[in-house]
Ligand code: SF4
Ligand code: SF4
């Protein structure tokens with residue numbers, strides 16, 4: 001006879017926890033600060049760590065706790081602390097512990113330079129239940145600091161990474177594909193494979209870099225544009241493991257690729273969201289267009305999630321170029337075009353982003369989804385193209 | 001190895017976990033390390049388990065808990081005692097409850 005069990009075990013983050021209803025909010029991003037102790041050449045958000053004005057405007061410890069409490073009351077299970085560099089905040093450990101004691105899983109995005117033995121001891125005693133995600137900007141001091149532009153950051157980051165390793169803290173690494181470090185991909189991946197057991201394949205890379213998400217620095221935007229890989233180079237990075245890439249795309253295409261019509265939001269923006277460093281609730285980590293964000297100082301998460309965001313998600317595109325192209329283009333999904341990207345590039349919500357359009361077409365040509373000179377929005381039998389591509393893998 | 005559970009002992013939720021009700025599911029989230037077998041596990045209880053959990057307290061023996069439930073649900077005490085022991089056994093081995101000593 002099978003023994004009766006009263007307790008079932010689930011792994012955080014895996015599907016299948018909710019049999020009955022879905023919570024109003026299942027996960028939340030919190031950008032604890034826009035300040036960073038690095039000054040990366042490609043960064044879309046960072047302000048200097050000593051920026052007194054930014055620091056003064058940041059949410060107080062109590063204000064962050066109030067938002068976390070409300071998130072938990074709405075059913076939230078995970079919070080991701082990001083930045084800038086979240087560890088720059090003097091109250092990081094207090095906020096971390098507070099979140100964990102509320103029963104939240106905590107994920108952290110960090111450059112690892114500020115990881116201390118004290119913080120690692122806390123993570124050992126009270127594990128995050130989610131990964132610490134460390135971006136590695138180079139395997140050598142010269143490349144690392146050519147990206148971060150801060151002397152000593154290389155040693156600081158590797159000191160932090162070694163503390164994680166020594167104390168067996170779960171973490172993953174990711175890279176940023178930049179001219180300064182691109183020759184080190186092999187070394188980075190070999191190191192990651194040998195040292196980071198939580199990774200189930202090669203590390204992910206930031207590739208098609210975003211422009212400044214506050215649209216605050218034209219000179220920095222010029223620099224970021226100069227660092228971006230061309231569509232051809234981007235494709236070469238993606239197909240380094242060709243079979244895996246093609247298989248992944250086959251699974252992805254059949255599920256997610258189709259024209260989105262005139263609806264602006266075909267993603268999950270606004271189903272959860274990201275609270276910025278000053279208490280403004282964005283529908284996603286990147287979208288900061290003033291018409292799309294909700295000030296939590298004048299309201300609350302529930303009102304944003306049940307009132308403001310659902311209305312926003314109904315917004316339709318008006319830009320004739322978007323309606324002519326993106327609304328009819330089946331690469332939507334493969335292409336990273338979205339309101340946040342349009343905002344960062346052009347200050348609108350619905351302008352097709354030329355750079356992303358080029359990158360998506362390059363990939364689609366490689367996968368055989370479109371012909372050499374073909375534009376994806378002119379393909380009427382797009383379902384037939386997807387079916388043929390998916391069938392090839394069977 | 002199976003944890004020994006006795007009805008005359010007191011079992012209470014460990015301070016190293018948080019119990020939450022989320023969208024109709026009752027879940028237990030570990031706070032400190034050492035709860036459960038793997039680091040990213042959470043636990044959910046079935047209806048019976050949840051009813052017993054709600055009654056566990058440092059002020060009551062497991063027998064008291066079973067007695068209260070038997071009155072509340074008008075069920076046979078022997079079966080409810082068996083459920084209480086079964087649940088606490090599962091929770092004890094995962095360090096979700098702790099034994100408070102003989103009453
Ligand atoms: S470490 Fe991250 S947040 Fe800081 S400057 Fe670099 S990319 Fe930006
Ligand atoms: S590939 Fe071009 S046309 Fe298609 S959705 Fe992207 S930006 Fe729009």
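Any read-out appearing in this document is the output of simple, stated calculations on the displayed coordinates, not a laboratory observation. Everything numeric in this text was worked out from a predicted model, so none of it was measured. Using ideal geometry, Cβ is built from the backbone for each residue, glycine included, and neighbour counts are taken over all protein chains shown.
The table for this structure:
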{"quantity": "DSSP-defined antiparallel bridges as percent of all bridges, the protein assembly as shown, nearest 5", "calculated": "50"}
{"quantity": "Contact order normalised by residue count of chain A, Cα under 8 Å, 6+ apart, percent", "calculated": "15"}
{"quantity": "Pairwise FRET efficiency - residue A:218 versus residue A:383, Cβ, R0 = 41 Å, nearest 0.05", "calculated": "0.45"}
{"quantity": "MRE, 222 nm, helices only [DSSP H, n ≥ 4, -39500 (n - 2.57), over chain B, to nearest 500]", "calculated": "-11500 deg cm²/dmol"}
{"quantity": "Listed residues A:178, A:207, A:21, most fluctuating in chain A (Gaussian network, C-alpha, under 10 Å)", "calculated": "A:21"}
{"quantity": "Anisotropy class of the stretch B:11-98 from Cα gyration tensor, a/c 1.5 cut", "calculated": "prolate"}
{"quantity": "Max mean-square fluctuation residue, GNM over chain A, Cα-Cα springs under 10 Å, options A:63, A:190, A:327", "calculated": "A:190"}
{"quantity": "Debye intensity ratio in log₁₀ form over the Cα atoms of the stretch A:25-231, taken at each q of 0.09 Å⁻¹", "calculated": "-0.35"}
{"quantity": "Rg over Rh, two decimals, the protein assembly as shown (C-alpha only, Kirkwood Rh)", "calculated": "1.01"}
{"quantity": "Helix-only [θ]222 nm of chain A, DSSP H runs n ≥ 4, -39500 (n - 2.57) each, per residue, nearest 500", "calculated": "-11000 deg cm²/dmol"}
